[in-house]
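Novice: I have a structure I would like to understand better, so I am pasting it below and will then ask my questions one at a time.
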Amino acid sequence: MDATPLIFFVVVLFLLLAGFPVAFTLGGASVLFGLFIFGIDFFNLLPMRIWGIMNNYILIAVPLFVFMGVMFEKSGLAEELLETMALLFGKLRGGLAFSVLIVGALLAAATGIVGATVVTMGVLTLPTMLKKGYNPKVATGIIAASGTLGQIIPPSIVLVLLGSVLNISVGDLFLAAVIPGFVLVLMYLLWLIIIAFVKPKDAPSMPKEDLLQFTGKIRFKKIITAFLIPFFLILAVLGSIFAGIASPTEAAALGAVGATLLTVVKGKFNLKTLNEVMKSTMTLTSMAFIILAGASAFGLVFRGMGGDRYLTELIVSGALEPEHFLAIVMVIIFIAGFFIDFIEITFIIVPVVAPIFIHLNVDLLWIGILIAINLQTSFLTPPFGFALFFLKGVAPPQVSTMHIYKGIVPYVVIQIIGLIIVILYPEIALWLPKLMSN
């Protein structure tokens with residue numbers, strides 16, 4: 001077997017780990033190898049590949065979901081949700097932590113944007129949690145972990161990208177992610193309950209007078225409003241997809257319009273807000289798509305050299321069982337998450353292993369959910385976990401980086417346990433798509 005594809009893959013991986021820009025590393029190394037292997041004809045193939053990305057209807061959902069998430073964050077509804085949850089749970093041990101978790105889950109379903117969720121909750125709740133006696137590790141851990149739920153709870157940008165790369169239905173991926181996402185929320189909640197009862201000083205309840213100071217005089221009407229408004233946005237987006245009324249791209253457009261209308265209703269919409277939202281959308285979308293263009297060049301060269309056949313033959317000759325290969329892939333993705341982000345992993349590793357899973361007759365829908373859960377940990381694992389950077393950027397001076405690192409350890413362990421549960425019981429992910437298809 002020709003080892004050239006493996007050499008190419010190792011060179012690209014080495015350059016990425018050395019800290020070179022991802023998009024230009026993928027594109028540059030691919031162009032050089034492609035020119036060397038295929039000659040000048042390579043430049044006749046590459047433009048068609050990039051044009052294929054531009055024509056991909058599914059990927060239009062990415063900027064629309066980003067716009068929806070950033071606009072929702074600007075509406076101020078996240079603040080109302082946090083205040084309302086503090087009112088409802090503040091009297092319980094660990095009540096503020098419960099509030100952060102539930103709001104994180106709701107924001108995940110309403111936005112799917114990790115950075116906005118972590119920053120919003122970090123600014124609004126972290127100083128209060130510390131003032132009320134929370135252990136910094138407990139406070140930072142739940143804020144960072146709940147903020148990453150947007151990676152698995154639909155509508156998730158990760159799931160849209162995985163659907164495109166694996167060539168499977170994004171709507172089915174959304175359905176398959178619902179129960180695993182709910183399981184993770186329950187496991188986080190169980191951990192918080194354990195902390196609240198085993199170490200009550202680390203997660204105390206709020207005194208009644210402090211609770212009133214923190215929440216203000218919130219009436220019953222405001223509590224209902226705080227829940228109903230995000231619920232209608234979630235229902236409009238996910239409900240239209242699950243009911244088969246709209247495609248994910250159409251639902252994303254509906255969500256973008258809905259989030260804009262909510263911002264108008266809340267009186268937060270103006271030209272400055274629109275300008276900021278559009279700039280954030282353009283920045284995040286451009287980052288994702290320039291990496292995707294480089295990854296397409298990488299895929300073209302790797303497959304052109306027979307890399308997918310090489311790896312398949314390598315796995316077959318090694319007599320690896322599907323579960324053994326799955327374990328290897330999951331470990332590789334988990335370790336890669338320490339050094340590179342989810343977009344890079346999605347566009348570099350997933351296209352390489354997908355043909356092998358197809359050859360081994362493994363359900364790609366199940367694989368997509370396993371990869372999404374695994375990728376969620378990449379936001380929490382140091383040294384390059386983006387949720388950790390976002391949180392550190394808004395944390396008070398007394399919160400150290402080690403507080404944040406130690407705080408996220410239990411949640412990384414929980415995510416690994418959740419991943420193992422879905423591996424052992426695939427129906428957790430596959431039951432809902434099968435039910436809705438009948």
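The values are calculated or read from the model by the stated rules, or taken from the named source; none is laboratory data. A quick note: this is a predicted structure, and the numbers were derived from the prediction, not measured. Glycine gets a Cβ as well: all are built from the backbone with ideal geometry, and neighbour counts include every protein chain shown.
Novice: Checking the condition of a type outside the set (S, T, N, Q) and at pLDDT 80 or above, which residue from Leu13, Leu35 passes?
Specialist: It is Leu35.
Novice: Anything in the range 183-209 that is part of a helix (DSSP H, G or I) and without any contact (Cβ under 8 Å) to a residue 12 or more places away in the chain? List them, or say none.
Specialist: Leu186, Leu190, Ile194, Val198, Glu209
Novice: Quick one: Met85 ticks every box in (1) among the hydrophobic types (A, V, I, L, M, F, W, C); (2) modelled with pLDDT of 80 or more; (3) buried (at least 24 other Cβ atoms within 10 Å of the Cβ) bar one, so which box is it?
Specialist: Among (1) among the hydrophobic types (A, V, I, L, M, F, W, C); (2) modelled with pLDDT of 80 or more; (3) buried (at least 24 other Cβ atoms within 10 Å of the Cβ), Met85 violates only (2).
Novice: Picking from Ala144, Ala97, which residue would you name as being under 25 Å from Thr346 (Cα atoms) and either modelled with pLDDT under 80 or buried (at least 24 other Cβ atoms within 10 Å of the Cβ) (or both)?
Specialist: Residue meeting the stated conditions: Ala144.
Novice: Among the residues of the range 61-77, is any surrounded by fewer than 22 Cβ atoms within 10 Å (Cβ to Cβ), under 21 Å from the mean Cα position of the chain (by Cα) and not basic (Lys, Arg)?
Specialist: Scanning the range 61-77 turns up at least one residue that is surrounded by fewer than 22 Cβ atoms within 10 Å (Cβ to Cβ), under 21 Å from the mean Cα position of the chain (by Cα) and not basic (Lys, Arg).
Novice: Further question on the same structure: Failed condition for Pro63, given (1) of a type outside the set (Ser, Thr, Tyr); (2) touching a residue at least 12 places away in the same chain (Cβ under 8 Å); (3) under 22 Å from Ile349 (Cα atoms), with all others met?
Specialist: So the condition that Pro63 fails would be (3).
Novice: Which of (1) at pLDDT below 75; (2) within 30 Å of Gly418 (Cβ to Cβ) is the odd one out, the single condition Ile332 does not satisfy?
Specialist: (1)
Novice: Condition (residue is crowded, with 22+ Cβ neighbours inside 10 Å, part of a helix (DSSP H, G or I) and under 19 Å from the mean Cα position of the chain (by Cα)) applied to the range 259-274: is it met by at least one residue?
Specialist: Within the range 259-274 (the criterion being crowded, with 22+ Cβ neighbours inside 10 Å, part of a helix (DSSP H, G or I) and under 19 Å from the mean Cα position of the chain (by Cα)), the answer is no, since none of the residues qualifies.
Novice: Take the range 301-329 and flag every residue that is at pLDDT 75 or above and either under 29 Å from Ile420 (Cβ atoms) or surrounded by 20 or more Cβ atoms within 10 Å (Cβ to Cβ) (or both).
Specialist: Those that are at pLDDT 75 or above and either under 29 Å from Ile420 (Cβ atoms) or surrounded by 20 or more Cβ atoms within 10 Å (Cβ to Cβ) (or both): Val301, Phe302, Met305, Glu321, Pro322, Glu323, His324, Phe325, Leu326, Ala327, Ile328, Val329.
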